[in-house]
Amino acid sequence: MDTLGKLFGSQARVKILRLFLLNPQDAYDVPMVAEKSKTPLGEARRELTLLKAAGVITNKSFTKEIPSKKKNAKPTKKRVQGFQLKTTFPLLSSLKGLIVSETPLNRDEIVRRFKDVGKIKFLAISGIFIDEPEARVDVLIVGDDLKKRSIENVLRT
């Protein structure tokens, strides 16, 4: 468990907080939170209950597309109850600063993560990684024989 996981009590809580802080306008139901934060469903449900009790998130009803089980049928829309970041939470900016900007980017860590994605000639990190969410580019990679799947995996972790 990393430092924030120790401070906040669980790594799942940190992942879920990060999801909501990076997507303040989006609403998620419990299965979506579990999937996007890569957290078991029961644990996600428990952490959401705690975050709601703390006032960080609030209930939000929204429409969700449910894929049809039939091959060519249109997906159906269903109204579901979910959660959204409570933008009036008094400690929101402090929490965001702590969770989103957990640690500054370490050059050695970046090199280690991108080591096996191909022959990199240039790598630029900006945008969300340097706390500039409005930037047009987060990562720019120039190189030869780059493996798209490997790059996607590195960026997801």
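Coordinate-derived values only; no laboratory data. As the structure is a computational prediction, the values presented were derived from the model and not from experiment. Don't worry about glycine lacking a Cβ; one is built from the backbone with ideal geometry, like all the others, and counts go over all protein chains shown.
Bins of 5 Å, beginning at zero and ending with the bin holding the largest distance: percent of Cα pairs per bin for the chain, please.
1, 8, 14, 17, 17, 15, 13, 9, 5, 1
Can you tell me which of THR88, THR76, THR49 moves the most in a GNM of the chain? Springs connect C-alpha atoms under 10 Å apart.
Evaluated over the chain, the most mobile residue of the options is THR76.
Calculate, for LEU92 and ARG156, the FRET efficiency according to 1/(1 + (r/R0)^6) with r their C-beta to C-beta distance and R0 25 Å; round to the nearest 0.05.
Result of the calculation: an efficiency of 0.50.
Based on the Cβ-Cβ distance of LEU22 and LYS77, what FRET efficiency does E = 1/(1 + (r/R0)^6) give at R0 = 25 Å, to the nearest 0.05?
The computed FRET efficiency comes out at 0.50.
Please build a GNM for the chain, connecting alpha carbons under 10 Å apart, and tell me which residue among PHE122, PHE20, PHE83 fluctuates the most.
Result for the chain, Cα springs under 10 Å: PHE122 fluctuates most.
Each residue of the stretch 58-72 in order: what ³J(HN,Hα) in whole Hz does its phi give by Karplus 6.51 cos²θ - 1.76 cosθ + 1.60, θ = phi - 60°, with x for Gly and Pro?
After applying 6.51 cos²θ - 1.76 cosθ + 1.60, I find 9, 5, 8, 8, 8, 9, 10, 7, 9, x, 7, 7, 7, 4, 9 Hz.
So who's got an amide H within less than 5 Å of the one on ASP29, skipping anything under 5 residues away but keeping other chains? H placed 1.01 Å off N, in plane.
PHE83
Please name which of ILE99, TYR28, ILE16 has its Cα lying farthest along the dipole of the stretch 3-100 towards the positive end, using unit charges on Cβ (Lys, Arg +1; Asp, Glu -1) and the Cα centre as origin.
Checking the options against the dipole of the stretch 3-100, the answer is TYR28.
So what are the ³J(HN,Hα) numbers for the stretch 33-41, from phi and the Karplus equation (6.51, -1.76, 1.60; θ = phi - 60°), rounded to whole Hz, Gly and Pro as x?
Rounded to whole hertz, the list is 4, 4, 5, 6, 8, 6, 10, x, 4.
Return ASP116, ASP145 ranked ascending by Cβ neighbour count within 10 Å, so the fewest neighbours appear first.
Starting with the residue having the fewest Cβ neighbours, the order is ASP145, ASP116.
If the chain between VAL142 and SER61 were fully stretched, how many nm would it gain, using 0.36 nm times the residue separation less the Cα-Cα distance?
Length difference between fully extended and current span is 24.9 nm.
At a Förster radius of 30 Å, what calculated FRET efficiency corresponds to the Cβ-Cβ distance of ILE110 and LYS70, to the nearest 0.05?
0.10
By how many nm would the segment from ARG45 to ILE120 lengthen if fully extended, with 0.36 nm per residue of separation less the alpha-carbon distance?
Working: separation 75, 0.36 × 75 = 27.00 nm, distance 4.07 nm.
In short, 22.9 nm is gained.
Mind listing which GluC sites (Glu not before Pro) in the stretch 19-110 are in a DSSP loop and have 14 or fewer other Cβ atoms within 10 Å?
Those satisfying the criteria are GLU102.
Using a Gaussian network for the chain with springs between C-alpha atoms less than 10 Å apart, which of these wobbles most: ASN23, ASN59, ASN72?
Looking only at ASN23, ASN59, ASN72, the biggest GNM fluctuation is shown by ASN72.
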